[in-house]
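Quick notes on the structure that follows.
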Protein chains: 2
Amino acid sequence: MNKEDQKDSDLFEGYSRILTEFFERMNSWEQSVVSGTGVSLAQMHLIEVIGNRGELRMKELAGILGVTTGTLTVMAHRLEEKGYVSRSKDEQDKRSYFIRLTEQGVQEYRNHHHMHFHLIEGIVDALGEEEAEIFFSNLKKLQGSI
Amino acid sequence: MNKEDQKDSDLFEGYSRILTEFFERMNSWEQSVVSGTGVSLAQMHLIEVIGNRGELRMKELAGILGVTTGTLTVMAHRLEEKGYVSRSKDEQDKRSYFIRLTEQGVQEYRNHHHMHFHLIEGIVDALGEEEAEIFFSNLKKLQGSI
DNA sequence: AAATAAAGTTTGACTGTCAAGCTAATTCCC
DNA sequence: GGGAATTAGCTTGACAGTCAAACTTTATTT
């Protein structure tokens, strides 16, 4: 390993730690935000996706969440029992169901969304408006390479 | 809501989506990286922590991972059975155990670490060296506010 | 019309998780 | 020193999340 490579190695090592730490902090932030509500993290994620995109077919939702339809079936049933989502048959394709948020589900979605908004405020505060803009534009740029 | 607030609202909305998307991509990157190995994501995380910090007491490790000692006991047993970690009594405090990586555990840690390194290379490539430096320094700055 | 494919469900197995109650060792305080 | 309180870890019971595989019902293809 030559001098240049060694330099990169140490630098990248540091970057790696920063990214890992950031990721872990985000995880526990999300966890702590969710732990005041009646739903788990995975359940909140489901609610968020429907909240963002509106009514979806089970298959589509499973794809977005990255789980099998079997997994989704049981999650959906639990959330249905708790009153956050409701489902209805697609009259066009009778194999298919639509899943959407109930009033209670929308409420939960709004609360959660509000917490995200606060988080963003904190970030913009910490970096300043100009730096924040650069930061988020870089974050966006990265979405191709991760 | 006045005009300024409205502007922030839309802007922050966009930022929020970028951050959420980044977070989700990182999650599935991590998931996909782990899914070629013999260990789960949570197990890899445990291996990573010991790999970074070296031998630890069960209590300390549970604290770092953010789980109860009960949870850790069962995870550690499973990883012990699979041959990734080993444990030994602390001769000073006989209630306590040290947990460390076996040779196989170290191997798994190195492989995973290597994947992280690649990820960082990808990021630096995508942003360019100067921008990358700014990006990571901002990421670091945020660790106080999340 | 029969064969094939697709959407969703069910079930069995396993991991991750916590809370609560347990044992054994340590520390604190009288 | 000796009893009380604390601490480290373990065990167990209960559940959520997860997948794969087998299944049912409906749609599509040939």
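For this structure, a couple of remarks:
- Between the listed residues B:Gly122, A:Ala62, B:Asn52, the Cα displaced farthest toward the positive end of the dipole of the protein assembly as shown, a dipole computed from Cβ unit charges relative to the Cα centre, is found at A:Ala62.
- Residue pairs, from the table B:Lys59/B:Lys82; A:Lys59/A:Lys89; B:Lys59/B:Lys141, whose Cα atoms sit over 18 Å apart: B:Lys59/B:Lys82; B:Lys59/B:Lys141
- Put in order of Cβ neighbour count within 10 Å, fewest first, the listed residues B:Phe136, B:Phe12, B:Phe117 become B:Phe117, B:Phe12, B:Phe136.
- Selection of GluC sites (Glu not before Pro), the stretch B:74-146, meeting DSSP coil and at most 12 other Cβ within 10 Å: B:Glu91
- Peptide A:121-130 has a mean of 4 when you count, residue by residue, the C-beta atoms of other protein chains within 10 Å of its C-beta.
- Label-point spacing at A:Arg87 relative to the other copies reads 4.0 nm, in ascending order, each point sitting 7 Å out from Cα along Cα→Cβ.
- Rg(Cα)/(2.2 N^0.38 Å) for the stretch A:39-144, N = residue count: 1.31
- Using R0 = 30 Å, the C-beta based FRET efficiency linking A:Ser145 and A:Glu55 works out to 0.40.
- Nearest-0.05 FRET efficiency for A:Asp10 and B:Val67, computed from C-beta distance (R0 30 Å): 0.40
- Degrees between helix B:103-127 axis and first principal axis of chain B (Cα, 0 to 90, nearest 10): 10 degrees
- Between this copy and the others, label points of B:Glu103 are 6.7 nm apart in ascending order, each placed 7 angstrom from Cα in the Cβ direction.
- With Cα atoms, 0 to 90° folded angle of helix B:3-34 axis to chain B main axis: 30 degrees
- Hull volume in cubic angstrom per residue (convex hull over the Cα atoms of the protein assembly as shown): 180 Å³
We did not get these values from a lab; they are worked out from the coordinates using the rules stated. These numbers come from a predicted model, not from an experiment. Cβ sites come from the backbone with ideal geometry, for glycine too, and all protein chains shown count toward neighbours.
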